[in-house]
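Undergrad: Input: one structure, supplied below.
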Amino acid sequence: MSALEIRNVRKTFGDTEVLKEISLAIDSGEFLILVGPSGCGKSTLMNAIAGLEPVTAGEIHIGGEDVTWRTPAERDIAMVFQSYALYPSMTVRQNIAFGLEMRKVPKAERDQAVERVADLLQISQLLDRKPSQLSGGQRQRVAMGRALAREPQIYLFDEPLSNLDAKLRVEMRTEIKKLHQRLGTTIVYVTHDQIEAMTLADRIAIMRDGHILQLGTPDEVYNDPADMFVAGFMGSPAMNFLSASLEGGPGEYRVRVETEGAQAPLVLPWPVERETEALASQVGRPVTLGLRPEHFSEEDERLGDQAEGTRFEATTTVVEPTGADTLLQVRLSGVEATVRLGPKSRIKAGDRIALRVDMSRAVLFSTEDESRLA
Amino acid sequence: MDNVIRRRTPRARLLRAGLYALLIAAALVYLLPLVVMVLTSVKPIEEIRAGALLSLPSHFTLDPWIKAWSSACTGMRCDGLSGYFVNSIKIVVPAVAISTLVGAINGYALTKWRFRGSELVFAMLLFGCFVPFQVVLMPMARTLGWLGLASSVSGLVLVHVVYGIAFTTLFFRNYYVAVPDEMINAAKLDGAGFFRIFWRILLPVSGPIITVSVIWQFTQIWNDFLFGVAFAGFDSQPVTVALNNMVNTSTGVKEYNVDMAAAMIAALPTLVVYVLAGKYFVRGLTAGSVKG
């Protein structure tokens, strides 16, 4: 039985359709992330699950029960908001216990629940403070504590980390992941940050214009994106999209990429095991080759022809050392492509360098409609 | 300490002295009527008749105040302002409380439970702020008669509540619009309903705007004359109407000292409210404009 099931949900505001036939189901204990650019409908979907906004059509089931027309209070869910939304006139203790109080849980049980979540989130020393006396990270913990106290069937997180500074955000991210592993709770989590999505999710739903473009594990959406939007949205630095053309035929397809200047074009053999039916109709037509920055590597002269991938030369325009690795911009096929190399690389901007490209994880898209070809 | 850097040349100092002199003179002009009132109200009538308007009293007396309070004549009756003062309190306290509470609930509903047409409702309420008193006199008189509340304290309370709701709704609506919706959503998820959210979440953070509403309504209703004179019965006249009757009583000698004392008595409560809560009044009016 699914913990949450959304069936053909649509939502319109006047003439604009914000959600277009959304369907998805998640299992108990699963961590689902809704991710997408602003205006994609992810927050509207979240509010629909929470019952804060009625849907125009479709059904929402929680724990096997149809809750489409139930109020937020009747849905057995808890939510952590972006602005934390703590009650300013109440202490931390009262904030955490408020939901239980509204559900007429006896005082002794409420106190127990407060103790439990305070221990869990290490906020015991803050219980008698008012929200205004807390730092951003502490408020965040209290907001999570308020949700955890009730032990609902589903937790909803609406961009919970986006108001924190970068360092704290990474810490809280790890903490949320630990919490999920420890408690095995079912979580739906909205974010626009694809790194949060990759690191936290069991499954990711990438949304755009009211559609779910792809629903899959982080590995699937990263390495096997459904279309060019997903490929470009997931991953940082973003995937490189190179204009190319397809040559050859079944068993020996080649992708031809024009390089800068008088250089011979780069002809890359397409791996046989990644061939698809769709390729045949694209021969001789423009396609878009998707290569992630880590699909490139620096030519190692000692390996010579033993090295994997196709060798090519390019001029670097920008070098960005990040510490853990070095990012290069090189000119390829009329665009700047990003290349990720090891931290020990001694390359300077303007250098002519030799690189190798690994086609085994490359993806190919139709230039026309941005759909995935192979 | 002021934190302005200014020139310290003789010419600049002279200009500054001139500026202060002008300001002090203006302040005196505004203060003078009050000074005259206070001085006159503690002088025996003989001294006033002698023509010394601004001089300090040679015989200090509180008799005019006592007379104004308990035995001055207002029309036919001669038992001072005290009864009417009590009338005013009986009108003001419920009218302020009810109009503030209704305004708060209106503002809450209009911002946190938006419904189809809620903007229109608000626009119409706002329009109510600009309806002149005189326009509603006749229809209100009919309504009060029809409700059986004509010439009663309850009737006046109703009139002031109806008239005040436009203002109090405006105050609370503008205050609550700045309260994040997420807070209300969180309370909904926690299982609180319309009134529970209002009492437990919103009202505890409404201190500044409640102060604004109370001061505004108190001043308006206490100082009201037109509704009082139009709708009050003999026994329900507010102090402003009684003051007018007392000053305009044409029998006997004109007792300026008693009139002045009566005017001071009628004006005192609004002054007291403002002095006690004025700080919060300003704070409430500017709340939300600056973060903090």
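Readers should treat all values here as calculations from the given coordinates under stated rules, not as data from a laboratory. Given the structure is predicted, the values throughout are model-derived calculations rather than measurements. Methodologically, a virtual Cβ is constructed for each residue, glycine included, from the backbone with ideal geometry; neighbour enumeration extends over all protein chains shown.
Undergrad: What is the distance in Å between the Cα centres of the stretch A:103-143 and the stretch A:174-227?
TA: Cα centres, the stretch A:103-143 to the stretch A:174-227: 28 Å.
Undergrad: Give me the orientation-averaged projected area of the Cα convex hull of the stretch B:10-64, in nm², one decimal.
TA: Computing the convex hull of the Cα atoms and averaging its projections yields 4.9 nm².
Undergrad: Moving to a separate point now. Can you tell which of A:Ser28, B:Val253, A:Tyr155 lies farthest toward the positive end of the dipole of the protein assembly as shown, using +1 and -1 charges on the Cβ of basic and acidic side chains (Lys, Arg; Asp, Glu)?
TA: Result: B:Val253.
Undergrad: Can you give the Rg to Rh ratio for the stretch A:265-336, taking only C-alpha atoms and Rh from Kirkwood? Write out the running numbers ahead of the final one.
TA: On the way: Rg = 15.1 Å, Rh = 15.1 Å.
Rounded to two decimals, Rg/Rh equals 1.00.
Undergrad: Amide H neighbours of A:Val190 under 5 Å, at least 5 residues apart or on other chains, H built in the peptide plane: list them.
TA: Counting only residues 5 or more places away or on other chains, the set is A:Leu34, A:Phe157, A:Asp158, A:Glu159.
Undergrad: To the nearest 10 degrees, how steeply does helix B:239-248 sit against the main Cα axis of chain B, on a 0 to 90 scale?
TA: Roughly 30 degrees, rounded to the nearest 10.
Undergrad: While we're on this one: I'm a student and want to see the number: the projected area of the Cα convex hull of the stretch A:200-269, averaged over all directions, in nm². Can you show the working numbers first?
TA: Numbers: hull surface 27.8 nm².
Over all viewing directions, the stretch A:200-269 projects a mean Cα-hull area of 6.9 nm².
Undergrad: If you plug each phi of the stretch B:49-61 into the Karplus form 6.51 cos²θ - 1.76 cosθ + 1.60 with θ = phi - 60°, what whole-Hz ³J(HN,Hα) values come out, in order, with x for Gly and Pro?
TA: 4, 5, x, 8, 6, 9, 6, 5, x, 7, 10, 6, 9
Undergrad: I would also like to ask the following. For the stretch A:334-362 and the stretch A:12-68, what is the separation of their Cα centres, given in Å?
TA: The two parts, judged by their Cα centres, are 42 Å apart.
Undergrad: State the volume of the convex hull built on the alpha-carbon positions of the stretch A:2-233, expressed per residue in Å³ and rounded to an integer.
TA: For the stretch A:2-233, the hull spanned by Cα atoms encloses 125 Å³ per residue.
Undergrad: So, one more: Per the helix-only calculation at 222 nm, which mean residue ellipticity applies to chain B, given -39500 (n - 2.57) for every DSSP H run of n ≥ 4 and division by its residues, nearest 500 deg cm²/dmol?
TA: Theoretical 222 nm ellipticity from helices: -23000 deg cm²/dmol.
Undergrad: Kirkwood hydrodynamic radius (Cα pairs, Å) of the stretch A:158-231?
TA: The answer is 13.2 Å.
Undergrad: Sticking with this structure for a sec: Would you list A:Lys178, B:Lys43, A:Lys11 from fewest to most Cβ contacts within 10 Å?
TA: The most exposed by this proxy come first: A:Lys178, A:Lys11, B:Lys43.
Undergrad: How many times 2.2 N^0.38 Å is the alpha carbon radius of gyration of the stretch B:128-177?
TA: Normalised Rg, Cα atoms only: 1.32.
Undergrad: Mind checking the dipole of chain A: about its Cα centre, +1 per Lys or Arg Cβ, -1 per Asp or Glu Cβ, Debye to the nearest 20? Could you put the intermediate results ahead of the total?
TA: Details: 43 positive and 55 negative charges, 308 e Å.
It comes to approximately 1480 debye.
Undergrad: Order A:33-46, A:127-140 from most to least packed using the mean count of other Cβ atoms within 10 Å.
TA: Final packing ranking: A:33-46, A:127-140.
Undergrad: Rounding to the nearest 10 and keeping the result within 0 to 90°, find how far the Cα-based axis of helix B:153-176 lies from the longest principal axis of chain B.
TA: 60
Undergrad: Using every pair of alpha-carbon atoms in the stretch A:99-200, split the distances into 5 Å bins beginning at 0 and state the percent of pairs per bin, rounded to integers.
TA: 2, 11, 22, 24, 21, 12, 5, 2, 0
Undergrad: To the nearest 10 degrees, how steeply does helix B:133-147 sit against the main Cα axis of chain B, on a 0 to 90 scale?
TA: Around 70 degrees separate the two axes.
Undergrad: Of B:Ile98, B:Ile209, B:Ile24, which has the largest mean-square fluctuation in a 10 Å C-alpha GNM of chain B?
TA: B:Ile24
Undergrad: How would you rank A:His211, B:His160, B:His59, going from fewest to most other Cβ atoms within 10 Å of each one's own Cβ?
TA: On the way: A:His211 15, B:His160 24, B:His59 9.
Ranking A:His211, B:His160, B:His59 by Cβ neighbours within 10 Å, fewest first, gives B:His59, A:His211, B:His160.
Undergrad: Name the longest site-free stretch of chain B, where the excluded sites are trypsin sites (Lys or Arg not before Pro) in a DSSP loop with no more than 15 other beta-carbon atoms within 10 Å.
TA: Result, exposed sites excluded: B:117-253.
Undergrad: Which residue, B:Leu22, B:Leu126, B:Leu226, has the most motion in a Gaussian network model of chain B that connects Cα atoms within less than 10 Å?
TA: The residue with the greatest mean-square fluctuation here is B:Leu22.
Undergrad: Highest GNM mean-square fluctuation, chain B, Cα pairs closer than 10 Å: which of B:Pro57, B:Pro180, B:Pro269?
TA: B:Pro180
Undergrad: For the stretch B:75-143, give the magnitude of the charge dipole about the Cα centre (Cβ charges: +1 Lys/Arg, -1 Asp/Glu; no others), in debye to the nearest 20.
TA: For the stretch B:75-143, the charge dipole is close to 180 debye.
Undergrad: Based only on other Cβ atoms within 10 Å, what is the fewest-to-most ordering of A:Tyr189, B:Tyr30?
TA: B:Tyr30, A:Tyr189
Undergrad: Grab the DSSP H runs of chain A that are 4 residues or longer, score each as -39,500 (n - 2.57), total them, divide by all residues and round the 222 nm result to the nearest 500 deg cm²/dmol. Spell out each step's value before the answer.
TA: On the way: 8 runs with 86 residues, N = 374.
Mean residue ellipticity at 222 nm (helix-derived): -7000 deg cm²/dmol.
Undergrad: Here's another thing I want to ask about it. What fraction of the Cα pairs in the stretch B:82-286, stated in percent, has a spacing above 20 angstrom?
TA: 63
Undergrad: Right, something else. Can you list residues whose amide H is under 5 Å from A:Leu373's amide H, if they're 5+ apart or on another chain and H is modeled 1.01 Å from N?
TA: For A:Leu373, the qualifying residues are A:Leu364, A:Phe365, A:Ser366.
Undergrad: Using a simple charge model, +1 on the beta-carbon of Lys and Arg, -1 on the beta-carbon of Asp and Glu, nothing else, what dipole does the stretch B:10-64 show about its Cα centre, in debye to the nearest 20?
TA: Numbers: 5 positive and 3 negative charges, 110 e Å.
Charge dipole, the stretch B:10-64, about its Cα centre: 520 debye, nearest 20.
Undergrad: Let me ask something else. Can you tell me which of A:156-168, B:128-140 comes out highest on packing, and rank the rest after it, using the mean Cβ neighbours within 10 Å?
TA: Per-residue mean Cβ counts within 10 Å order the peptides as A:156-168, B:128-140.
Undergrad: Further question on the same structure: For the stretch B:92-101, just list the computed ³J(HN,Hα) in residue order, Karplus coefficients 6.51, -1.76 and 1.60, θ = phi - 60°, integers in Hz, with x standing in for Gly and Pro.
TA: 5, 4, x, 5, 5, 4, 5, 5, 5, 5
Undergrad: Please work out the ratio of the alpha-carbon Rg of the stretch B:1-144 to 2.2 N^0.38 Å and round it to two decimals.
TA: Normalised by 2.2 N^0.38 Å, the Cα Rg of the stretch B:1-144 equals 1.80.
Undergrad: Once Rh for the protein assembly as shown is found with the Kirkwood sum over Cα pairs, what is the Stokes-Einstein diffusion coefficient at 10 °C and 1.306 mPa s, in µm²/s?
TA: Value of D from the Cα-based Kirkwood radius: 49 µm²/s.
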